[in-house]
1. Within the stretch 180-198, can you find the residues that are closer than 24 Å to G139 by Cβ and modelled with pLDDT under 95?
2. Can you confirm whether the stretch 176-197 contains a residue that is part of a helix (DSSP H, G or I), of a type in the set (A, V, I, L, M, F, W, C), touching a Lys or Arg at 6+ places or on another chain (Cβ under 7 Å) and touching a residue at least 12 places away in the same chain (Cβ under 8 Å)?
3. For the stretch 59-114, how many residues meet the condition of being among the aromatic types (F, W, Y) and under 22 Å from G30 (Cβ atoms)?
4. Looking at (1) at pLDDT below 90; (2) assigned to a helix (DSSP H, G or I), find the lone condition where N156 falls short.
5. Of the residues T221, T274, T226, T213, which single one is surrounded by fewer than 18 Cβ atoms within 10 Å (Cβ to Cβ), closer than 19 Å to Y112 by Cα, in contact with a Phe, Trp or Tyr (Cβ under 9 Å, 6 or more places away or on another chain) and not charged (D, E, K, R)?
6. Checking L90 against (1) at pLDDT 95 or above; (2) of a type outside the set (D, E); (3) outside the structural domain of K262 (by TED's automatic domain parsing), which single condition isn't satisfied?
7. Need at least 3 residues that are touching a helix residue (DSSP H, G or I) at 6+ places or on another chain (Cβ under 7 Å) per element, so show me which helices (runs of 4 or more DSSP H) inside the stretch 53-141 make the cut, counting only ones lying wholly within it.
8. Scan the stretch 231-253 for residues that are among the small types (G, A, S) and touching an Asp or Glu at 6+ places or on another chain (Cβ under 8 Å) and jot them down.
Amino acid sequence: MKLFRKLLGLGAVATAVVGVSACKNANDDGVTTIYAETKGAPAPFIYQSDNGTLEGYDIAVINEVFNRLPQYKLDLTISDSALTDAQTGLIDFSINNWSYNSDRAKSYYFSYPYTRAKYGIYSAKGTSYDSFEALAEAGVKVFGSAGNNTTNAIENYNEKHPDKQVTIEYSSADITAKLPYYISGEYAEVGDLPVLNSWAQSYPDEFAQLELTQLSDDYVTQNITTSATSHLLFNRVNDNADSLRKEVSEKIKELHDDGTLKQLALQWVGIDITPNDSDYVYLN
(Lines give C-alpha, C1' and ligand atoms only; values in the text may rest on other atoms or scores of the structure.)
Protein backbone atom coordinates (compact mmCIF):
# COMPACT_ATOMS: atom_id res chain seq x y z
CA MET A 1 0.00 0.00 0.00
CA LYS A 2 1.03 3.54 -0.61
CA LEU A 3 1.96 6.23 1.84
CA PHE A 4 0.05 9.34 0.77
CA ARG A 5 1.42 12.83 1.20
CA LYS A 6 -0.73 15.85 1.93
CA LEU A 7 -1.57 17.95 -1.13
CA LEU A 8 0.32 21.26 -1.01
CA GLY A 9 -0.88 23.99 -3.34
CA LEU A 10 -1.80 22.33 -6.63
CA GLY A 11 -0.54 18.85 -5.94
CA ALA A 12 2.16 16.49 -4.81
CA VAL A 13 4.09 13.54 -6.10
CA ALA A 14 3.54 10.18 -4.48
CA THR A 15 6.08 7.61 -3.39
CA ALA A 16 6.32 4.66 -1.19
CA VAL A 17 4.65 2.19 0.96
CA VAL A 18 2.69 1.58 4.15
CA GLY A 19 -0.80 1.04 5.15
CA VAL A 20 -3.55 3.55 4.55
CA SER A 21 -7.12 3.11 3.45
CA ALA A 22 -9.47 5.36 1.55
CA CYS A 23 -11.59 7.99 3.28
CA LYS A 24 -10.09 7.96 6.77
CA ASN A 25 -12.10 8.98 9.80
CA ALA A 26 -12.40 12.67 10.59
CA ASN A 27 -9.57 14.28 12.55
CA ASP A 28 -9.99 16.38 15.69
CA ASP A 29 -11.19 19.32 13.58
CA GLY A 30 -13.92 17.19 12.00
CA VAL A 31 -12.13 17.13 8.62
CA THR A 32 -11.99 13.85 6.71
CA THR A 33 -9.11 13.07 4.36
CA ILE A 34 -10.10 11.98 0.87
CA TYR A 35 -7.47 10.07 -1.08
CA ALA A 36 -7.17 10.36 -4.84
CA GLU A 37 -4.65 9.44 -7.52
CA THR A 38 -3.82 10.51 -11.06
CA LYS A 39 -1.45 9.18 -13.68
CA GLY A 40 -0.23 12.75 -14.16
CA ALA A 41 -0.86 13.23 -17.90
CA PRO A 42 -1.75 14.41 -20.51
CA ALA A 43 -1.31 18.17 -20.66
CA PRO A 44 -3.12 20.53 -20.58
CA PHE A 45 -5.45 18.49 -18.38
CA ILE A 46 -2.80 17.19 -15.96
CA TYR A 47 0.95 17.64 -15.88
CA GLN A 48 3.84 18.23 -13.51
CA SER A 49 5.46 21.65 -13.31
CA ASP A 50 9.22 22.09 -13.12
CA ASN A 51 9.06 22.04 -9.31
CA GLY A 52 7.08 18.79 -9.31
CA THR A 53 3.60 20.07 -8.45
CA LEU A 54 0.55 18.91 -10.36
CA GLU A 55 -1.08 21.48 -12.62
CA GLY A 56 -3.63 21.63 -15.41
CA TYR A 57 -7.35 21.94 -15.94
CA ASP A 58 -8.32 18.74 -14.11
CA ILE A 59 -6.24 19.74 -11.11
CA ALA A 60 -7.69 23.26 -11.01
CA VAL A 61 -11.21 21.82 -11.12
CA ILE A 62 -10.71 19.27 -8.34
CA ASN A 63 -8.96 21.83 -6.12
CA GLU A 64 -11.90 24.22 -6.52
CA VAL A 65 -14.36 21.41 -5.78
CA PHE A 66 -12.65 20.62 -2.47
CA ASN A 67 -12.33 24.31 -1.62
CA ARG A 68 -16.12 24.17 -1.51
CA LEU A 69 -16.17 21.04 0.66
CA PRO A 70 -14.49 22.22 3.88
CA GLN A 71 -15.43 19.01 5.68
CA TYR A 72 -12.86 17.22 3.50
CA LYS A 73 -9.13 17.49 2.86
CA LEU A 74 -7.92 16.21 -0.49
CA ASP A 75 -4.77 14.10 -0.62
CA LEU A 76 -3.85 13.78 -4.32
CA THR A 77 -0.86 11.82 -5.58
CA ILE A 78 0.59 10.44 -8.81
CA SER A 79 0.47 6.71 -9.42
CA ASP A 80 0.62 4.40 -12.43
CA SER A 81 -1.93 2.23 -10.64
CA ALA A 82 -4.52 5.00 -10.24
CA LEU A 83 -7.27 2.95 -11.90
CA THR A 84 -6.55 -0.25 -10.00
CA ASP A 85 -6.28 1.56 -6.67
CA ALA A 86 -9.68 3.17 -7.23
CA GLN A 87 -11.25 -0.12 -8.24
CA THR A 88 -10.02 -1.93 -5.13
CA GLY A 89 -10.93 0.87 -2.73
CA LEU A 90 -7.36 1.73 -1.76
CA ILE A 91 -8.24 5.30 -2.74
CA ASP A 92 -11.54 7.13 -2.98
CA PHE A 93 -11.31 8.21 -6.61
CA SER A 94 -9.06 8.63 -9.62
CA ILE A 95 -8.84 11.81 -11.71
CA ASN A 96 -7.32 11.55 -15.18
CA ASN A 97 -9.79 12.88 -17.76
CA TRP A 98 -11.50 9.48 -17.73
CA SER A 99 -14.27 8.85 -20.25
CA TYR A 100 -17.19 6.44 -19.87
CA ASN A 101 -17.36 2.89 -21.12
CA SER A 102 -19.56 0.00 -20.04
CA ASP A 103 -16.68 -2.04 -18.59
CA ARG A 104 -15.58 0.85 -16.37
CA ALA A 105 -19.15 1.33 -15.23
CA LYS A 106 -19.02 -2.15 -13.67
CA SER A 107 -16.01 -1.19 -11.55
CA TYR A 108 -16.43 2.52 -10.73
CA TYR A 109 -19.01 5.15 -9.92
CA PHE A 110 -18.85 8.00 -12.43
CA SER A 111 -19.09 11.58 -11.18
CA TYR A 112 -20.86 14.31 -13.06
CA PRO A 113 -18.72 15.41 -16.02
CA TYR A 114 -16.39 18.39 -15.97
CA THR A 115 -15.19 18.23 -19.58
CA ARG A 116 -16.79 17.71 -22.98
CA ALA A 117 -14.42 16.65 -25.74
CA LYS A 118 -13.93 19.10 -28.58
CA TYR A 119 -12.27 18.03 -31.80
CA GLY A 120 -10.92 19.89 -34.79
CA ILE A 121 -8.93 19.57 -37.99
CA TYR A 122 -5.81 21.61 -38.69
CA SER A 123 -5.00 21.95 -42.38
CA ALA A 124 -3.00 24.23 -44.69
CA LYS A 125 -3.87 27.93 -44.66
CA GLY A 126 -6.80 28.67 -46.92
CA THR A 127 -8.34 25.20 -46.58
CA SER A 128 -11.07 23.87 -44.32
CA TYR A 129 -12.27 20.32 -43.70
CA ASP A 130 -15.23 19.67 -41.43
CA SER A 131 -15.45 15.88 -41.75
CA PHE A 132 -13.59 12.72 -42.72
CA GLU A 133 -15.59 12.77 -45.94
CA ALA A 134 -14.17 16.19 -46.81
CA LEU A 135 -10.61 14.95 -46.22
CA ALA A 136 -11.24 11.91 -48.41
CA GLU A 137 -12.72 13.96 -51.25
CA ALA A 138 -9.72 16.33 -51.18
CA GLY A 139 -7.22 13.46 -51.06
CA VAL A 140 -5.68 14.85 -47.87
CA LYS A 141 -3.86 12.24 -45.76
CA VAL A 142 -3.57 11.92 -42.00
CA PHE A 143 -0.92 10.53 -39.70
CA GLY A 144 -2.18 7.86 -37.33
CA SER A 145 -1.06 5.73 -34.41
CA ALA A 146 -2.51 2.39 -33.30
CA GLY A 147 -5.06 2.73 -30.51
CA ASN A 148 -5.40 6.49 -30.86
CA ASN A 149 -9.00 7.68 -30.54
CA THR A 150 -9.08 9.66 -33.78
CA THR A 151 -7.14 7.01 -35.68
CA ASN A 152 -9.68 4.41 -34.57
CA ALA A 153 -12.47 6.70 -35.72
CA ILE A 154 -10.93 7.18 -39.17
CA GLU A 155 -10.32 3.43 -39.47
CA ASN A 156 -14.00 2.85 -38.69
CA TYR A 157 -14.97 5.46 -41.26
CA ASN A 158 -12.79 3.77 -43.88
CA GLU A 159 -14.43 0.40 -43.21
CA LYS A 160 -17.83 1.93 -43.84
CA HIS A 161 -16.67 3.89 -46.93
CA PRO A 162 -14.37 1.59 -48.94
CA ASP A 163 -14.77 3.75 -52.07
CA LYS A 164 -14.02 7.05 -50.31
CA GLN A 165 -11.31 6.39 -47.73
CA VAL A 166 -8.95 8.69 -45.86
CA THR A 167 -5.35 7.58 -46.33
CA ILE A 168 -3.71 6.90 -42.97
CA GLU A 169 0.07 6.85 -42.65
CA TYR A 170 0.99 5.25 -39.35
CA SER A 171 3.77 7.14 -37.62
CA SER A 172 5.25 7.67 -34.17
CA ALA A 173 6.88 10.98 -35.17
CA ASP A 174 6.22 13.97 -32.92
CA ILE A 175 4.37 17.10 -33.96
CA THR A 176 7.53 18.99 -34.99
CA ALA A 177 8.28 16.39 -37.67
CA LYS A 178 4.70 16.45 -38.96
CA LEU A 179 4.18 20.21 -39.18
CA PRO A 180 5.89 20.68 -42.59
CA TYR A 181 3.52 18.10 -44.09
CA TYR A 182 0.50 19.95 -42.70
CA ILE A 183 1.76 23.28 -43.99
CA SER A 184 2.29 21.75 -47.45
CA GLY A 185 -1.37 20.75 -47.58
CA GLU A 186 -0.63 17.07 -48.18
CA TYR A 187 -1.70 16.06 -44.67
CA ALA A 188 -4.10 17.33 -42.01
CA GLU A 189 -4.14 16.83 -38.24
CA VAL A 190 -7.36 15.57 -36.65
CA GLY A 191 -7.36 15.74 -32.89
CA ASP A 192 -8.60 16.81 -29.51
CA LEU A 193 -8.81 20.62 -29.44
CA PRO A 194 -7.09 21.12 -26.06
CA VAL A 195 -4.09 19.13 -27.28
CA LEU A 196 -4.10 20.91 -30.64
CA ASN A 197 -4.32 24.22 -28.84
CA SER A 198 -1.32 23.39 -26.64
CA TRP A 199 0.71 22.59 -29.77
CA ALA A 200 -0.37 25.85 -31.37
CA GLN A 201 0.87 27.73 -28.31
CA SER A 202 4.21 25.89 -28.42
CA TYR A 203 4.78 26.42 -32.16
CA PRO A 204 3.00 29.67 -33.04
CA ASP A 205 4.92 30.41 -36.25
CA GLU A 206 4.13 27.03 -37.77
CA PHE A 207 0.50 26.98 -36.68
CA ALA A 208 0.03 30.50 -38.07
CA GLN A 209 0.37 28.81 -41.46
CA LEU A 210 -2.50 26.42 -40.70
CA GLU A 211 -6.27 26.68 -40.56
CA LEU A 212 -8.37 25.22 -37.74
CA THR A 213 -11.88 23.88 -38.36
CA GLN A 214 -13.79 22.80 -35.27
CA LEU A 215 -15.97 19.72 -35.66
CA SER A 216 -19.55 19.95 -34.46
CA ASP A 217 -20.55 18.18 -31.25
CA ASP A 218 -22.97 16.01 -33.22
CA TYR A 219 -20.25 14.96 -35.66
CA VAL A 220 -17.90 14.10 -32.79
CA THR A 221 -20.42 11.90 -30.97
CA GLN A 222 -21.54 10.19 -34.18
CA ASN A 223 -18.10 9.63 -35.69
CA ILE A 224 -15.32 9.89 -33.10
CA THR A 225 -16.53 9.07 -29.62
CA THR A 226 -19.90 8.37 -28.05
CA SER A 227 -18.28 9.03 -24.66
CA ALA A 228 -17.41 12.68 -25.11
CA THR A 229 -17.41 13.68 -21.44
CA SER A 230 -14.78 13.17 -18.72
CA HIS A 231 -15.45 12.11 -15.15
CA LEU A 232 -13.90 11.20 -11.81
CA LEU A 233 -13.93 7.46 -11.12
CA PHE A 234 -14.97 6.54 -7.55
CA ASN A 235 -14.50 3.11 -6.02
CA ARG A 236 -17.60 0.97 -5.61
CA VAL A 237 -16.43 -1.07 -2.63
CA ASN A 238 -16.35 1.39 0.29
CA ASP A 239 -19.56 2.18 2.18
CA ASN A 240 -19.32 5.92 1.60
CA ALA A 241 -18.33 5.76 -2.07
CA ASP A 242 -21.65 6.63 -3.68
CA SER A 243 -22.49 9.41 -1.22
CA LEU A 244 -19.05 10.95 -1.68
CA ARG A 245 -19.44 10.71 -5.46
CA LYS A 246 -22.69 12.65 -5.21
CA GLU A 247 -21.30 15.32 -2.87
CA VAL A 248 -18.40 15.96 -5.24
CA SER A 249 -20.68 15.85 -8.28
CA GLU A 250 -22.99 18.50 -6.88
CA LYS A 251 -20.00 20.82 -6.51
CA ILE A 252 -18.92 20.12 -10.10
CA LYS A 253 -22.44 21.08 -11.22
CA GLU A 254 -22.21 24.20 -9.07
CA LEU A 255 -18.96 25.16 -10.81
CA HIS A 256 -20.69 24.71 -14.14
CA ASP A 257 -23.74 26.75 -13.16
CA ASP A 258 -21.84 29.73 -11.73
CA GLY A 259 -19.39 29.93 -14.65
CA THR A 260 -16.29 28.87 -12.73
CA LEU A 261 -15.81 25.74 -14.85
CA LYS A 262 -15.73 27.81 -18.03
CA GLN A 263 -13.27 30.27 -16.48
CA LEU A 264 -10.94 27.42 -15.52
CA ALA A 265 -11.22 25.89 -19.00
CA LEU A 266 -10.30 29.18 -20.67
CA GLN A 267 -7.42 29.68 -18.22
CA TRP A 268 -5.86 26.23 -18.56
CA VAL A 269 -6.98 25.01 -21.97
CA GLY A 270 -7.66 28.21 -23.91
CA ILE A 271 -11.11 27.12 -25.11
CA ASP A 272 -14.47 26.32 -23.54
CA ILE A 273 -14.61 22.55 -23.00
CA THR A 274 -17.38 22.56 -20.41
CA PRO A 275 -20.18 19.99 -20.65
CA ASN A 276 -23.66 20.78 -21.93
CA ASP A 277 -26.50 21.19 -19.43
CA SER A 278 -27.95 17.87 -20.60
CA ASP A 279 -24.69 16.07 -19.68
CA TYR A 280 -25.33 16.44 -15.95
CA VAL A 281 -26.82 13.04 -15.23
CA TYR A 282 -25.40 10.07 -13.35
CA LEU A 283 -24.23 7.47 -15.86
CA ASN A 284 -24.41 4.70 -13.25
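1. Selection gives G191, L196.
2. Yes, there is a match, as at least one residue in the stretch 176-197 is part of a helix (DSSP H, G or I), of a type in the set (A, V, I, L, M, F, W, C), touching a Lys or Arg at 6+ places or on another chain (Cβ under 7 Å) and touching a residue at least 12 places away in the same chain (Cβ under 8 Å).
3. Residues flagged as among the aromatic types (F, W, Y) and under 22 Å from G30 (Cβ atoms) within the stretch 59-114 amount to 3.
4. The failed condition is (1).
5. T226
6. Only one criterion in (1) at pLDDT 95 or above; (2) of a type outside the set (D, E); (3) outside the structural domain of K262 (by TED's automatic domain parsing) is unmet by L90, namely (3).
7. Of the helices (runs of 4 or more DSSP H) lying wholly inside the stretch 53-141, those with at least 3 residues that are touching a helix residue (DSSP H, G or I) at 6+ places or on another chain (Cβ under 7 Å) span 57-67.
8. A241
The values are calculated or read from the model by the stated rules, or taken from the named source; none is laboratory data. These figures come from a predicted structure and were not determined experimentally. All Cβ positions, even for glycine, are placed from backbone atoms using ideal geometry, and neighbour counts span all protein chains on display.
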